[in-house]
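Some notes on the structure that comes next.
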Amino acid sequence: MFFSLFFLSTHFALAAPLPGAKITAYLIRLKPGQDVLAEVESFVKENKLEAAAIVSAVGSLKEASIRYADKDDATHLKGPFEIVSLSGTTAISGSHLHLSISDGSGKTLGGHLMPGSIVYTTLELVIDAYPALKMTRETDATYGYQELVVRKK
């Protein structure tokens, strides 16, 4: 399957299409007891993915580790939880993933996915890889954070 990929400049204007660029989809399942972030990053390294994104996630966690907005440390929560969403970018150079979970009453929490988010029954992931691109994380002068930079290979 062929798609045209577009990426944005630092001013959020359309920079350039990549006509005929391929996207490779990986469908994986994590099993009970696996750490979500560790497994995603291991998969990315094992498959030498330089630019990828999580596009779908369905499953549950027995423990969740989330860093909330504008906080320095992770909050560790005991489940079980349903995964409402898991999305973000990932590459050999690093990941930026956000997780939303809900408890048995439907209360939903979310933030940055951190180490220690452990699969309860299953986690089905769809990861799209973009072989024509390379993602890195570089310091952005605006706030000093390591931010996404996308380049053609």
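Taken together, the values in this text are just the output of simple stated rules run on the coordinates, not laboratory data. The model shown is predicted, which means the values in this text are computed figures rather than measured ones. Neighbour counts are summed over all protein chains in view; Cβ atoms, including those assigned to glycine, are modelled from backbone coordinates with ideal geometry.
Cross-link reach is defined here as a Cα-Cα straight distance under 23 Å, omitting same-chain residues fewer than 8 places apart; for Lys31 the lysines meeting it are Lys45, Lys48, Lys62, Lys78.
Backbone phi angles across the range 143-153, fed through the Karplus curve with coefficients 6.51, -1.76 and 1.60 (θ = phi - 60°), yield HN-Hα couplings of 10, x, 8, 6, 10, 5, 10, 10, 10, 6, 6 Hz in residue order; Gly and Pro are listed as x. Converting phi to 3J(HN,Hα) with the Karplus coefficients 6.51, -1.76 and 1.60 and the offset θ = phi - 60°, the range 109-118 yields 10, x, x, 6, 5, 10, x, x, 8, 10 Hz in sequence order, with x at every glycine or proline.
Be a star and scan the range 25-62 for residues whose amide nitrogen sits under 20 Å from the point 7 Å along the Cα-to-Cβ vector of Lys152. Under cut-off, by backbone N: 50-52.
A simple count of charges around Val58, restricted to other residues whose Cβ falls under 11 Å of its Cβ and scoring Lys, Arg +1 and Asp, Glu -1, yields -1. Taking the longest Cα principal axis of the chain as reference, the axis of helix 36-46 is set at about 40 degrees.
Which FRET efficiency value, to the nearest 0.05, is calculated for Asp140 and Ile28 with the Förster distance at 25 angstrom and r the Cβ-Cβ distance? Write down the numbers at each step before the final one.
Values: r = 31 Å, r/R0 = 1.24.
Computed FRET efficiency for Asp140 and Ile28 comes out at 0.20.
Here the Gaussian network model covers the chain, with springs between Cα atoms less than 10 Å apart; of Ser87, Ser56, Ser65, Ser56 fluctuates the most.
The calculated P(r) of the chain, using every Cα pair and 5 Å bins from 0, goes 2, 9, 17, 21, 18, 14, 11, 6, 2, 0 in percent. Using R₀ = 22 Å, calculate the FRET efficiency as 1/(1 + (r/R₀)^6) where r is the Cβ-Cβ separation of Lys45 and Thr121; round to 0.05. Once the sixth-power term is evaluated, E becomes 0.30. GNM on the chain, alpha-carbon springs under 10 angstrom: the most fluctuating residue among Leu61, Leu99, Leu27 is Leu27. Among residues other than Ala91 with Cβ under 9 Å from its Cβ, the summed charge is +1 (Lys and Arg +1, Asp and Glu -1).
Residues whose amide H falls under 5 Å from that of Glu147, counting only those 5 or more places apart or on a different chain, are Glu138, Thr139, Asp140, with hydrogens built in the peptide plane.
Just check the range 100-153 against the gyration tensor rule for me: Cα atoms, a ≥ b ≥ c as the square roots of the eigenvalues, rounded for a/c under 1.5, and otherwise prolate or oblate depending on whether a/b exceeds b/c. Oblate, because a/c is 1.5 or more while a/b does not exceed b/c. For the range 62-67, 3J(HN,Hα) computed residue by residue from phi via the Karplus equation (6.51, -1.76, 1.60; θ = phi - 60°) reads 8, 9, 10, 10, 10, 9 Hz, glycine and proline entered as x. Across the options Leu27, Ala64, Leu37, the greatest Cα extent toward the positive end of the charge dipole of the range 18-64 (unit charges at beta carbon of Lys, Arg, Asp, Glu) belongs to Leu27.
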